[in-house]
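Beneath this line is the structure, given in structure tokens, with notes to follow.
The values are calculated or read from the model by the stated rules, or taken from the named source; none is laboratory data. Just so we're clear, the structure is a prediction, and the values are computed from it rather than from any experiment. Every residue, glycine as well, gets a Cβ built from its backbone with ideal geometry; the counts of neighbours run over all protein chains shown.
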Amino acid sequence: MEKPSRLLCSELCVQRRLFEVTLNRTALAWKDTEITKKHTGRAIYGAVKAGIHCVPVCEIIAVQEKEDDSPCKDTGKWQKVPPSPADSYQHAFTVFYVERMRQHCWRCSNVTFHCSEHSTCLLWVQTIREQLALLTNRPKNLLVYINPYGGKQRGKQIYDHKVSPIFSQASISTDVIVTERANHARDHLKMEADLKKYDGVVCVGGDGMFSEIMHGLVSRTQQEAGVDDNSTEETLMPCGLRIGIIPAGSTDCICYATVGSNDPVTSALHIVVGDSQPMDVCSVHNEDHFLRYSVSLLGYGFYGDVLTDSERKRWMGPARYDISGVKTFLSHRYYEGTVSFLPAEGNSGTPRDKMLCRSGCSICQQSSSDDLVSKNEDSVSDAECQDTWTVIRGKFLAINAASMSCACPRSPKGLSPSAHLADGSTDLILVRKCSRLNFLCHLLRHTNKKDQFDHSFVEVYRVKQFRFTPRYQECDSEVDLRESGATGKQFLSQICKEHRACGCMPSQSNWNCDGEILPHTAIQVRVHNQLIKLFARGIEEQPVFEDPFAHCAI
Ligand SMILES: CCCCCCCCCCCCC/C=C/[C@@H](O)[C@H](CO)NC(=O)CCCCCCCCCCCCCCC
Ligand SMILES: Nc1ncnc2c1ncn2[C@@H]1O[C@H](COP(=O)(O)OP(=O)(O)OP(=O)(O)O)[C@@H](O)[C@H]1O
Ligand SMILES: [Ca+2]
């Protein structure tokens with residue numbers, strides 16, 4: 001690889017030691033001149049080895065001149081320390097940068113460089129700022145919504161103490177709205193906000209708050225593009241603004257599955273560096289009526305019942321899910337109905353292939369280029385009409401569709417560990433009626449390394465569309481109709497007409513749609529590939545020890 005040319009190189013002092021400091025277009029590096037004379041050590045990117053440090057420019061948060069400083073002030077021993085050449089380095093600047101900690105957490109670290117000449121100090125500050133200004137993906141103006149009542153009700157405190165100082169340091173201006181009621185953020189985004197002023201929207205809260213913001217932004221985008229969201233056939237318009245999530249909720253699964261942690265500082269830093277992670281969105285309809293969008297879990301049966309019960313226990317905070325989880329588990333209800341789906345095609349993989357979606361995921365990248373090709377082909381909708389639906393009838397404890405892994409602190413690998421964030425598909429998991437013990441074993445596997453799909457009573461499919469009709473809304477004529485190969489619309493209108501005449505016992509659950517209860521049980525779901533973007537980069541692989549000096553040119 002060709003080494004980028006040096007922009008600056010100076011001998012500067014860090015904590016009373018002399019370093020050779022270099023800056024090129026991709027990295028800032030400083031090496032301890034004494035130590036590196038003895039070692040020919042290789043450095044670790046973004047870390048230190050044998051006195052060599054290296055930080056990619058794209059992970060520098062800010063640079064500030066430090067006024068009236070001296071290398072000895074830190075020690076508080078100005079009088080006692082013997083004179084050293086470092087004492088003449090009286091001008092200083094500080095570089096703030098991303099440091100990686102354990103479990104995908106990031107921290108803002110800093111290093112202060114002391115210079116002997118003020119002009120050198122100014123040149124360094126100016127040149128680093130020029131390089132940062134070239135990073136056009138970084139947001140400058142953000143619209144922030146804080147839910148003061150999410151999770152443990154610490155949203156405002158988290159923002160004020162942990163996030164706002166980082167945004168200020170990175171010179172990001174913000175307009176902050178603390179919500180006053182449910183759906184305040186959604187309505188403001190949909191109808192009022194002057195979105196042209198912003199480079200992104202930040203959500204401080206949990207999955208429910210994220211859902212509000214996503215609904216506001218997606219609906220606004222469709223309105224402005226003249227797209228009718230009640231139509232199941234329409235291709236939705238992707239949103240232009242990215243969404244940042246500062247986790248302050250009870251589950252925070254969208255943040256956890258896109259960043260790898262539910263740490264507010266880490267999320268703030270991903271926003272500052274201008275990360276971008278596309279994400280699929282499912283539209284949920286009941287006949288020709290739009291219900292909601294979903295990005296994480298659509299769950300009927302077990303997760304629907306857990307949510308319904310937990311809503312009555314909101315006052316308990318995050319613990320409500322565990323209490324309602326145990327209660328729902330013990331009630332052991334099953335539900336009868338029909339699931340039909342269109343399998344995902346192409347190189348989409350399978351939910352059991354162990355190809356985890358990670359930063360820069362090739363399956364997600366491939367799906368976006370496939371999508372571009374298919375949008376350019378006129379015959380797509382005809383082709384889709386000819387796709388064959390798979391139909392499954394049965395008695396289920398749970399019907400879950402996971403559009404992403406749904407990893408969260410309760411289940412670090414998630415409901416569907418190999419689901420992809422942006423591949424245009426959702427993983428449909430059918431848990432058939434089984435014994436309590438078997439179901440417990442399946443649930444337990446969400447918390448350990450065993451495969452939760454490796455049970456005779458669990459089936460899992462990667463799909464791009466699905467429908468569900470509960471048994472009590474089905475009639476024999478519907479089954480005949482389905483077998484005769486009727487199209488989606490004929491199929492649904494028939495179910496509707498026959499409904500009143502059907503004598504089945506209504507036993508029903510609710511759909512849990514990203515933590516909200518849906519008002520209908522018969523639904524049609526379609527995945528919209530990469531409809532939104534987050535300030536995230538997907539979960540990073542554990543650090544690879546590469547040679548940084550390909551970039552640093554030292
Ligand atoms: C024995 C231990 C088994 C533990 C099994 C844990 C599985 C956890 C799977 C979590 C999946 C979360 C999916 C995310 C959905 C979000 O869009 C949504 C909005 O935030 N959250 C929920 O609906 C919140 C859903 C929260 C669900 C909690 C379920 C807890 C089940 C506890 C069962 C205990 C059985 C004990 C028997 C003695
Ligand atoms: N000011 C407010 N007063 C009452 N409810 C609000 C307010 N602002 C937002 N909400 C609603 O609160 C609900 C829950 O919020 P949030 O998602 O932040 O926390 P949570 O439910 O504890 O976490 P999770 O969704 O991760 O389980 C959201 O559905 C949102 O619509
Ligand atoms: Ca997906």
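Here are a few things to note about the model shown:
- Residue check, residue 299 touching a residue at least 12 places away in the same chain (Cβ under 8 Å), of a type outside the set (A, V, I, L, M) and within 9 Å of ligand 1 (Cβ to nearest atom): yes
- The set of residues in the stretch 111-143 that are surrounded by 22 or more Cβ atoms within 10 Å (Cβ to Cβ), touching a residue at least 60 places away in the same chain (Cβ under 8 Å) and under 27 Å from residue 276 (Cα atoms) comprises 139, 142.
- Only listed residue being within 26 Å of the chain's Cα centre (by Cα) and at pLDDT 65 or above, chosen from 375, 354: 354
- Residue within the stretch 411-425 that is modelled with pLDDT of 95 or more, assigned to a strand (DSSP E or B) and within 25 Å of the chain's Cα centre (by Cα) present: no
- From 294, 324, 310, 276, residue being within 16 Å of ligand 2 (Cβ to nearest atom), small (Gly, Ala, Ser) and under 28 Å from residue 422 (Cα atoms): 294
Table: residues versus (1) of a type outside the set (Lys, Arg); (2) within 16 Å of ligand 2 (Cβ to nearest atom); (3) free of Cβ contacts under 8 Å to residues at least 24 places away in the same chain; (4) touching a Ser or Thr at 6+ places or on another chain (Cβ under 6 Å).
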| residue | (1), (2), (3), (4) |
| --- | --- |
| 395 | no, no, no, no |
| 399 | yes, no, no, no |
| 415 | yes, yes, no, no |
| 421 | yes, no, no, no |
| 424 | yes, no, no, yes |
| 427 | yes, no, no, yes |
| 446 | yes, no, no, yes |
| 450 | no, no, yes, no |
